[in-house]
Amino acid sequence: MPNAKKKSGYTKRDLRAVSDTPELTRADFAKARPFSEVFPDLSASIRKGRGPNKAPTKKLVSLRLSPEVVEHFKSTGPGWQSRIDETLRKAVKRKAS
């Protein structure tokens, strides 16, 4: 099988031929305004990040669990990792008392 690479895609010349948008100049970029200034309402509605934690930050750990435990908690639907955490916290409290 020959190892010739077939060039695909469009050339700059092809794109210029079909483009109806003129190339932007330095003057165009100098006149540009920030998105939040042009669309303030839309900008305000866009969520930035996850927001503050509602509870203290948890620690990320790697933990190996038996398949039966994982399947049991996963079968209860979304939030299964939080339910594992809750079960372990209850066990720690029980052990401490």
Practice prompt. Output ³J(HN,Hα) for the stretch 91-97: one whole-Hz value per residue in order, computed from phi by the Karplus curve 6.51 cos²θ - 1.76 cosθ + 1.60 with θ = phi - 60°, and x for Gly and Pro.
Written response: 5, 5, 5, 4, 5, 6, 8
Fill in: Charge context of Thr87, other residues only, Cβ under 12 angstrom, K/R +1, D/E -1
+3
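Using helices alone, what [θ] at 222 nm do you get for the chain, with -39,500 (n - 2.57) per DSSP H run of 4 or more residues, divided over all residues and rounded to the nearest 500?
Taking each H run of at least 4 residues, the total per residue is -13500 deg cm²/dmol.
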Worksheet item: Once Lys and Arg get +1 and Asp and Glu get -1 on their Cβ, which of Ala17, Ser36, Phe73 lies farthest toward the positive end of the dipole of the chain?
Response: Phe73
Discussion item. As an exercise, identify the trypsin sites (Lys or Arg not before Pro) in the stretch 6-97 lying in DSSP coil whose Cβ has no more than 12 other Cβ atoms within 10 Å.
Written reply: Lys6, Lys7, Arg47, Lys48, Arg50, Lys54, Lys58, Lys59, Arg64
Discussion item. Expected output is a single nm value to one decimal: the length gained when fully extending between Lys54 and Asp20, i.e. 0.36 nm times separation in residues minus the C-alpha distance. What is it?
Written reply: 7.2 nm
Discussion item. Expected output is a single nm value to one decimal: the length gained when fully extending between Leu65 and Glu37, i.e. 0.36 nm times separation in residues minus the C-alpha distance. What is it?
Written reply: 5.0 nm
Worksheet item: So how strong a dipole does the chain carry about its Cα centre when Lys and Arg Cβ are +1 and Asp and Glu Cβ are -1, to the nearest 20 debye?
Response: 580
Worksheet item: What label, among [x] 7.9; [y] 6.8; [z] 17.3, belongs to mean projected area of the Cα convex hull in nm² computed from the structure on display?
Response: [z]
Worksheet item: Using 20 Å as the cut-off for backbone N distance, which residues of the stretch 63-83 belong to the label zone defined by a point 7 Å from the Cα of Lys95 along Cα→Cβ?
Response: 63-70, 73, 81-83
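Read the figures in this text as sums done on the coordinates, not as results from a lab. For clarity, every value in this text was computed on a predicted model and none was experimentally measured. Glycine also receives a Cβ, built like all others from the backbone with ideal geometry; neighbour counts cover every protein chain displayed.
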